[in-house]
1. Under 8 Å between Cβ atoms, which residue pairs at least 6 apart in sequence (or on different chains) link something in region C:130-156 that is more than 9 Å from every other protein chain (Cβ to nearest Cβ) with a partner that is part of a helix (DSSP H, G or I) and of a type in the set (Ser, Thr, Tyr)?
2. Criterion first (closer than 30 Å to B:Tyr102 by Cβ and facing chain A (nearest Cβ under 10 Å)) does C:Glu160 satisfy it?
3. Specify the residue that is surrounded by the most Cβ atoms within 10 Å (Cβ to Cβ); the eligible residues are those in region C:410-428 that are without any contact (Cβ under 8 Å) to a residue 24 or more places away in the chain and not acidic (Asp, Glu).
4. In region C:180-195, what count of residues is obtained for those that are touching a residue at least 40 places away in the same chain (Cβ under 8 Å) and outside any loop (DSSP other than H, G, I, E, B)?
5. Identify the residue in region A:167-187 that is modelled with pLDDT of 85 or more and more than 9 Å from chain C (Cβ to nearest Cβ) and, among all such residues, is surrounded by the most Cβ atoms within 10 Å (Cβ to Cβ).
6. In this structure, is A:Ala7 assigned to a helix (DSSP H, G or I), among the hydrophobic types (A, V, I, L, M, F, W, C) and more than 9 Å from chain C (Cβ to nearest Cβ)?
7. Going by what's in this entry, would C:Gln445 be described as under 24 Å from C:Phe360 (Cα atoms), over 26 Å from the mean Cα position of the chain (by Cα) and of a type outside the set (Gly, Ala, Ser)?
8. What are the pairs, 6+ residues apart or on separate chains, where a residue within region B:97-115 that is under 22 Å from B:Ile24 (Cβ atoms) has its Cβ under 6 Å from a residue that is acidic (Asp, Glu) and modelled with pLDDT of 85 or more?
Amino acid sequence: MKNAAVASLLVIFAIPLLIAVAELPPFGDPDAPIHTHISARYIEQGVEEAGAENLVTGVLLNYRGFDTFGEVTVIFTALAAALAVLLTSGGVQYFQEDRPPAPPKGADESERPPTPVSPVVLFVVRLLAPFIGIFAAFVILHGHVTPGGGFQGGAILGAMFIVLTIVLGAGKVRPRLPEPLARWLQGAAPLSFVLIGALGVAFTGFYLGFPPEHSLHLVRELMMVVLEIGIGVGGAAIFARIFLAMEAD
Amino acid sequence: MLEALWHNIDYVASVVLFCIGLYILIAKNNLIKKFLGLNIMETAVFAFIVTIGVIEGGDAPIMGHGAQAPFHSPIPHALVLTGIVVAVSTTALALSLIIRIYRQCGTIEADELREME
Amino acid sequence: MIEWPHWMAIVVLAPLSGAVLTPIVSLRDRRIAPWFALATMTVTSVAALFLIMRVAQEGPFSYPLGAWTPPYGIELRFDEFSAAISVVCLVGSLAILCSVRYTEWLRELAKPRIPYYYALMLLNLGGMIGFMITGDLFNLFVFLEILSLSGYALVAVSGERTAEMAAFKYLLMGAISSLLVLFSVGIIFGITGSLNMVDVTTRLASVAADATMPAVLALGALTIGFMVKAAIFPVHVWLPDAHAIAPSPISAVLSGLVVKVGIIGMLRVYQIYYGSGILDLTVLNQVLLWLGAISIVMGAFFAIFQDDIKLMLAYSTISNIGYIVMGLGLSTNLSVIGGAVHVFNHALIKATLFLAAGAFIYRTGYRTLTDLRGIGRAMPLTSIALSIGAVSIVGIPPTAGFLCKWYIALGAFEADQPMFGFALIFGALFIFIYYIRMVNAFYFQEPIHKEVLRVEEAPLTMLGPILLLAALCLIMGILGRIPLTFIEPAALRMLAPLGG
């Protein structure tokens with residue numbers, strides 16, 4: 001009964017939405033303002049101006065690079081948020097000198113017999129992991145030419161870590177990275193944006209500018225690749241850390 | 001009006017998806033299901049934004065070999081990529097909270113939690 | 001120095017990159033974290049100061065990121081409304097200073113979380129600064145997400161069960177509102193093909209003249225989205241729990257600053273709609289007026305019946321946001337000026353109140369008015385600061401709250417809506433009652449717990465910020481005309497149609 005009421009309420013809620021979308025420019029219309037205004041310039045001059053054959057990457061890193069800076073900051077916020085919510089005093093941080101003794105909960109877990117991992121899964125994951133890693137590297141490094149980019153590659157890389165932790169780790173193998181390095185990697189994406197952006201001040205006079213001159217197109221490409229690597233590695237490090245924190249809890 | 005709706009059926013699909021998500025968010029009791037409803041709503045909005053960038057008979061905006069005009073607008077893709085990342089981040093935080101709530105209360109059913117308060 | 005353009009980038013980048021570095025620098029010793037955060041906020045404040053001096057001299061200016069001429073890239077735009085970043089820097093820094101002792105004392109807050117606590121705080125402040133100075137609709141959404149996401153986590157950071165549930169409620173409502181904002185940005189982009197605010201304004205007038213329904217929907221969805229962030233009457237339900245349960249320095253930031261983001265967002269969006277002139281905003285303004293009036297009365301009414309001091313302050317936030325929204329809804333010059341300045345003043349006042357309340361909780365461990373009876377004798381300075389804050393929030397003349405409320409009331413009579421003027425005065429009366437209750441409990445009633453009389457005055461890192469804020473409440477009351485005249489050109493510009 002309650003659900004029916006909610007459903008009928010939503011139908012009423014949908015009516016203004018439907019009226020509004022009916023008046024939007026027709027689907028696929030080449031004369032819609034969205035295609036004739038800013039996009040038009042991006043498509044005509046984007047490759048020369050922004051320096052990426054994949055225009056989406058051009059928009060992400062160059063025209064709207066500041067959005068992407070905000071975006072990587074959002075990922076970092078997710079990390080800080082998840083850790084601020086999940087970490088406990090006996091938690092996963094090993095370097096703290098005033099670490100209290102391990103809580104009894106951990107002792108229980110070690111007594112529990114570890115779930116055996118099927119040898120098939122173990123073999124397949126071990127076999128595939130390097131290929132997943134190579135694929136991730138390709139997606140990250142080739143993102144400005146073909147579909148892909150730092151975020152996509154970072155997600156693949158992060159997924160690889162997660163799969164490895166689930167299958168090989170099974171509770172015993174914890175973060176292999178030393179904590180200081182892990183923290184630098186987690187901040188890699190925003191920090192690379194800050195550094196490359198500051199470089200842009202030298203080239204164009206404004207933050208996050210990429211040199212537009214043709215003679216400097218190698219520099220421009222290098223800057224983009226550094227950004228992509230930063231995004232990819234930083235994203236992967238953060239995904240893996242959030243996963244570890246959730247699993248440890 | 002109806003004709004315009006029919007022509008914009010892709011937008012209508014987003015609206016329907018949005019409402020389905022909202023329904024799940026309101027009607028379901030389990031916190032994870034509630035959040036899945038929110039994820040469906042997010043997907044609806046992303047689909048909507050990508051759809052407005054479509055051009056009839058267009059090609060992906062990647063200027064490699066054999067790329068042919070017209071191209072879909074690249075901006076919505078960039079926006080949605082940002083949007084997805086934001087959604088992922090929100091999901092990570094929400095799941096962290098749900099984990100904590102479950103550990104402390106032993107349940108993630110909204111009505112049982114309300115009774116506990 | 002003032003003319004140096006890059007202050008604009010630094011004012012956003014400093015807190016955000018500082019947040020990223022906080023966990024790294026506090027790797028060895030987590031006690032470094034607050035001081036590093038404070039240093040970051042100092043840099044930010046210097047940049048903010050230069051920006052505000054520049055806007056006072058030459059009016060609004062912009063910074064094209066990546067050297068792209070707007071609307072092709074993202075543009076940062078600094079106008080008089082953006083000067084609200086000054087109060088973000090001030091209240092943010094002071095809240096960080098107060099957190100130094102507070103986080104160490106809070107038992108439930110696990111110690112490894114502390115670096116991330118400060119990182120989130122910086123992210124929250126940086127997100128707000130970015131939100132206030134960006135000139136791009138989608139960038140607005142991105143910063144909105146940074147600050148909301150960190151806000152949800154900060155509510156839950158104390159690790160209490162109730163806090164986590166409050167944070168989840170806040171997260172669900174906040175995520176829906178962000179989604180509505182994103183949806184509207186998509187619609188606006190669909191009908192204009194642009195995301196730059198100035199460009200959208202001109203293009204809405206020309207391109208979108210035949211697509212008014214989507215424009216109406218976008219306006220409605222943006223209004224609802226920002227109303228959730230600002231906690232206006234029907235969508236305020238997340239606020240009392242979240243603001244009352246969060247650690248007190250966080251409450252000061254959330255209540256003083258984060259809810260104002262909704263208001264600034266409305267100011268930005270309505271500027272677009274007023275400028276393009278494609279819609280008649282009378283209906284919207286009526287709705288805002290009514291919701292504002294209901295929020296004022298309801299917030300103040302519920303505040304009276306609260307015994308928990310922080311819950312009381314949280315309800316009074318709803319009431320005060322009601323004043324600001326009513327000022328927007330009246331849409332006269334005076335009321336918009338009053339509302340915009342109240343954004344600034346209320347942040348000072350509410351930060352004073354929450355930090356003072358936090359100092360009481362820190363020293364005594366009690367949080368209800370009944371338990372805190374007699375505290376005025378034990379912690380005289382903090383109590384005086386709290387009283388000054390309370391006087392300000394009622395709006396008694398020599399304090400900060402008076403002039404802006406007076407302007408909003410004048411606006412109500414000017415707009416020929418005297419009824420709302422009376423609603424405003426009525427709300428102030430309610431607020432006056434709970435002020436009396438508070439002072440009565442602190443100074444005149446017999447204490448229930450004898451140990452309350454023996455507690456010491458708050459430690460210096462708390463007392464300093466509280467006294468500074470209380471002093472500012474008085475100073476802003478005396479110099480109240482300065483912000484009012486400062487904000488006036490922005491208000492005039494907002495209400496005028498483009499080119500008119």
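1. The qualifying pairs are C:Met132/C:Ser82; C:Ile133/C:Ser82; C:Leu144/C:Ser178; C:Gly151/C:Tyr170; C:Val155/C:Tyr170.
2. On the way: closer than 30 Å to B:Tyr102 by Cβ: yes; facing chain A (nearest Cβ under 10 Å): no.
Judged against the criteria, C:Glu160 is not a match.
3. First, pick out the residues of region C:410-428 that are without any contact (Cβ under 8 Å) to a residue 24 or more places away in the chain: C:413, C:416, C:418-419, C:421-422, C:425.
Still in the list and also not acidic (Asp, Glu): C:413, C:418-419, C:421-422, C:425.
Values: C:Phe413: 16, C:Pro418: 12, C:Met419: 11, C:Gly421: 20, C:Phe422: 14, C:Ile425: 13.
Applying the filter and picking the extreme gives C:Gly421.
4. Taking region C:180-195 as the starting set, the residues that turn out to be touching a residue at least 40 places away in the same chain (Cβ under 8 Å) are C:180-182, C:184-185, C:188-189, C:194-195.
Those still in the list that are outside any loop (DSSP other than H, G, I, E, B) too: C:180-182, C:184-185, C:188-189.
Residues that pass the stated criteria total 7.
5. Filtering first and then ranking leaves A:Leu185.
6. On the way: assigned to a helix (DSSP H, G or I): yes; among the hydrophobic types (A, V, I, L, M, F, W, C): yes; more than 9 Å from chain C (Cβ to nearest Cβ): yes.
Here the answer is yes, as A:Ala7 does meet what is asked.
7. Details: under 24 Å from C:Phe360 (Cα atoms): yes; over 26 Å from the mean Cα position of the chain (by Cα): yes; of a type outside the set (Gly, Ala, Ser): yes.
Answer is yes for this residue.
8. These pairs meet every condition: B:Leu97/C:Glu164; B:Ile101/C:Glu164.
The values are calculated or read from the model by the stated rules, or taken from the named source; none is laboratory data. Since the structure is predicted, the reported quantities are computational estimates derived from the model, not experimental observations. Ideal geometry is used to build each Cβ from the backbone, glycine not excepted, and the neighbour counts take in all protein chains shown.
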